[in-house]
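The values are calculated or read from the model by the stated rules, or taken from the named source; none is laboratory data. As the structure is a prediction and not an experimental result, all values here were calculated from the model. Note: ideal-geometry Cβ built from the backbone for every residue, glycine included; neighbour counts use all protein chains shown. Each accessible area value is taken on the protein alone, full model and side chains, heavy atoms only, with ligands, DNA and RNA left out. Shrake-Rupley method; radii C 1.70, N 1.55, O 1.52, S 1.80 Å.
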Amino acid sequence: MATSIYITSAEDNSGKSTVALGVMDRLQSQGKKVGVFRPITVPAGGTDYILQSLIDHDSVDLDIADCIGVSYDDVHADQDAALATIVERFHTMEHSCDAVVIVGSDFSDVASPTELSFNARIAANLGAPVLLVLRGRGSTGRSRGGLVEQPARPVKDLVNLVDMALPELEKEHATLFGVVANRVEQSDLAEVTTALAEAIPDGFVGAIPENEFLIAPTLERVMESIDGRFIHGDPALMKREVLHAKVAAMNVENVISRLREGEVVLIPSDRSEVLLAVLSAHESDTFPSLAGIVLYGGYPTPETVWRLVIGMNSSLPIIEAPSTTYETVMGVMETRSRFAADSQRKYDTALSLFEANIDSAALLQRLNVARADVVTPLMFEYDLIERARAHLKHIVLPEGDDDRILRAAATLLARKVVTLTILGDEHDVRARAKELGVDISAAAVVNPKSSEYAERFAEEYARLRAHKGVSVEQAREVITDVSYFGTMMVHLGLADGMVSGATHTTAHTIKPSFEIIKTKPGTSVVSSVFLMALADRVLVYGDCAVIPDPTADQLADIAISSAVTARQFDIDPRVAMLSYSTGTSGSGDDVEKVRAATELVRQRQPDLLVEGPIQYDAAAEPSVAATKMPNSPVAGRATVFIFPDLNTGNNTYKAVQRSAGAVAIGPVLQGLNKPVNDLSRGALVSDIINTVAITAIQAQDNS
């Protein structure tokens, strides 16, 4: 029977999706296969955005149809029959999970006086304890430039809400797990937590502060609400959160003097002078960065004005809406935020708020969740993040002109994984981040061409390369290159590590390291490994990215370095020196190279478990090892696989990645005095995050 928890509320707009995401993340960190279940959802043809976002973000290996009980229509028709169906469908899906997060109804379609009772009844019948989410804001609000801001709810009102909810739960025989107050005023967190602990002394309690980005709708949602049409700008920026809205029906001076960061500006479509002024202000360094413009009213924009707009080459999205002022304003005011899977900033913000304010260890202990013995890809990635932020390191990212780098940087900063320096023109980097709706304000942005460090770096590079005849004048030119500048930061201790390669070649990334940072004593080569996260364990593959045809001596270095890397990531190294034959069964130059390399490893590291030459199946599969090499401590149990050449290693890691569904993390460079790591030019944002975390862990070990 799966561990389960029922997350519900006594009212709408409580933000229980934030709590559900946090609980799912904690469960997955323990290696659990986590499912999500919605007992009541929208009728057929509709979209359950909460369920969809949780499934999309957390790699729940279930079809959405399997995670649904009944619709609101079914509940209206016959509550008893609906409950029976919910119980049946829940027990069908829970068999394939270790834990299930059940997310209650949304108080949008069941009569409010009975909705909490029905959720409690469901929870009791599913055998799931109830985590009650309270809304820390009032139900009435005041206008905030076209959006709605709700005032903070008094602490006594939250306690009263708990007092009213408890009898409802008891009446339906539901067990209270605890209470989390969400969207609480930051200054009230401690008082709210204390008051809730007094109200339910035996329950779990927590409080999460309000955050403007979690409640802000995206520009895309605003467009949907007003039946608008995208007509100009960068479509990628439609995902940006809208923090404010303003009707710009006044003169130009009054409009631009009142612009705010993240605002959508509603402009009558016959006010061309306001349109041009607002666009100009957005492009200026001296005014806030806007989320978008809505041209409403249905009047055509003159062709000459539109030519000016196009000529400004602005990426700011412009939406056209046929509605009147009243209709447009009301549509914007009624736009609600969705916790959408495609909003990375919302996801990062929700997780960071949960991590910072909820006692995860106590939550898991109350749920009686033990960490699994296996190591899943999600567990491994979670552990990377946890280890990296345990001792913050400073990482430099040279490619500030790449959107993936900016998105990854925002996630890393939001979750406090590392501190960052991003290289590039500060105005351009920060402006693009604002356009993307990502927050990199905590990062330093340095322009190598105008940095105060430029002369110091040039002198140091000239000193290091004096034997190659490099002058200070030549060095001044070299260090303006972002890879050289970033590497020099690491060399001189201004950063602990560097991650690059999203837009640069591997050679461009690591060549400066060879010249400046150089290899560790006793290591002749820089090599690489991939950390291959399989379904139940993590293996180390090397070298798959750097040395095309290593000598026996180099192969031995690769094996020893790979074993060191394995230990850095809590992998007990048992090294397999791979070849096309096992033991003494084959001969040939390639086999002899591996045999010689194996002996060198044994001489240099007598305590390291190593076997070779050995075939992959004998190294990985116990049944094969029992036949081919029965007395080996490595055969059948290898964790570090050393390939004889780059051709074999690169193709094997890609084959395993694609055919076995493994998560390949890397390449992780090894052998350097300080950590520098290379990205694939096709790297995803998640790949960048993992690589930065790995680099930080390597830097910790160098401390």
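Taking square-rooted eigenvalues a ≥ b ≥ c of the alpha carbon gyration tensor, is region 433-510 rounded, prolate or oblate, where a/c under 1.5 means rounded and, failing that, a/b exceeding b/c means prolate?
Verdict is prolate for region 433-510.
For the chain, which longest stretch is free of loop sites, where a loop site is one of the GluC sites (Glu not before Pro) that DSSP puts outside H, G, I, E and B and that has at most 13 other Cβ atoms within 10 Å?
Within the chain, the longest run free of exposed GluC sites (Glu not before Pro) spans 1-260.
What is the calculated FRET efficiency for ARG463 to ILE310, with r their C-beta to C-beta distance and R₀ = 45 Å, to the nearest 0.05?
E(calc), rounded to 0.05, equals 0.30.
Using the per-residue mean of other Cβ atoms lying within 10 Å as a proxy for protection, in what order, highest first, do the peptides 496-507, 628-639 fall?
496-507, 628-639
Which percent of the accessible area of region 257-357 is formed by carbon and sulfur heavy atoms (probe 1.4 angstrom)?
Summing carbon and sulfur atoms, their accessible area is 54 percent of the total for region 257-357.
Along the Cα→Cβ direction, 7 angstrom out, place labels at ALA361 and SER187. What is the inter-label distance in nm?
It works out to 3.2 nm between the two label points.
So what's the back-of-envelope 222 nm ellipticity for the chain, counting only DSSP H runs of four-plus at -39500 (n - 2.57) apiece and dividing by all residues, rounded to 500?
-13500 deg cm²/dmol
So which lysines pass the test for LYS33, namely a Cα distance under 28 Å, with those fewer than 8 places away in the same chain ruled out?
LYS16, LYS346, LYS416, LYS654
Rounded to whole Å, give me the distance from the Cα center of region 1-44 to that of region 426-477.
Computed from Cα coordinates, the inter-centre distance equals 46 Å.
How much of the accessible area of region 171-237, probe 1.4 Å, is carbon plus sulfur, in whole percent?
48
Could you run the Karplus curve 6.51 cos²θ - 1.76 cosθ + 1.60 with θ = phi - 60° over region 415-425 and give me ³J(HN,Hα) per residue in whole Hz, x for Gly and Pro?
9, 6, 7, 8, 9, 10, 10, 10, 9, x, 5
Packing-wise, with mean Cβ within 10 Å as the measure, how do 681-689, 390-398, 61-69 rank, highest first?
Packing proxy ranking, top to bottom: 390-398, 681-689, 61-69.
Pairing the Cα long axis of helix 506-516 with the longest principal axis of the chain, what angle in degrees results, from 0 to 90 and rounded to the nearest 10?
That helix lies at roughly 60 degrees to the long axis.
Using Cα pairs under 8 angstrom and six or more residues apart, how large is the relative contact order of region 129-244, in percent?
26
What distance in nm separates the simple spin-label points at GLU88 and ASP645, each placed 7 Å from Cα in the Cβ direction?
About 6.2 nm, to one decimal.
May I ask you to give the percent of accessible area on region 1-50 that is carbon plus sulfur, with a probe radius of 1.4 Å?
47
Please report the relative contact order for region 347-445, taking Cα pairs under 8 Å with a sequence separation of at least 6, and give it as a percent rounded to a whole number.
27
In Å², and per residue, what accessible area does the chain have when probed at 1.4 Å with the other protein chains present?
So the chain comes to 41 Å² accessible per residue, rounded to a whole number.
Which angle between 0 and 90 degrees, to the nearest 10, do you get for helix 16-29 versus the longest principal axis of the chain when only C-alpha atoms count?
Helix 16-29 sits at roughly 20 degrees to that axis.
Three principal axis extents, largest first, for the C-alpha atoms of region 497-538, in Å?
39, 32, 16
Once both labels are modelled 7 Å past Cα along the beta-carbon direction, what's the THR175-ASP63 spacing in nm?
3.2
Calculate one ³J(HN,Hα) per residue across region 648-661 by plugging θ = phi - 60° into the Karplus curve 6.51 cos²θ - 1.76 cosθ + 1.60, and present them in order as whole Hz with x for glycine and proline.
Values, residue by residue: 5, x, 5, 5, 5, 5, 5, 5, 5, 4, 7, 7, 9, x Hz.
Given axes a ≥ b ≥ c from the Cα gyration tensor, I'd like to know whether the chain is rounded (a/c under 1.5), prolate (a/b larger than b/c) or oblate.
It is oblate, given that a/c is not under 1.5 and a/b is not larger than b/c.
Excluding same-chain residues fewer than 8 positions from LYS520, which lysines have a Cα within less than 28 Å of its Cα?
In chain and number order, the partners are LYS393, LYS468, LYS511, LYS593, LYS674.
Helix 454-464 sits at what angle to the longest principal axis of the chain, using alpha carbons and giving 0 to 90 degrees rounded to 10?
Between the helix axis and the principal axis of the chain, the angle is about 20 degrees.
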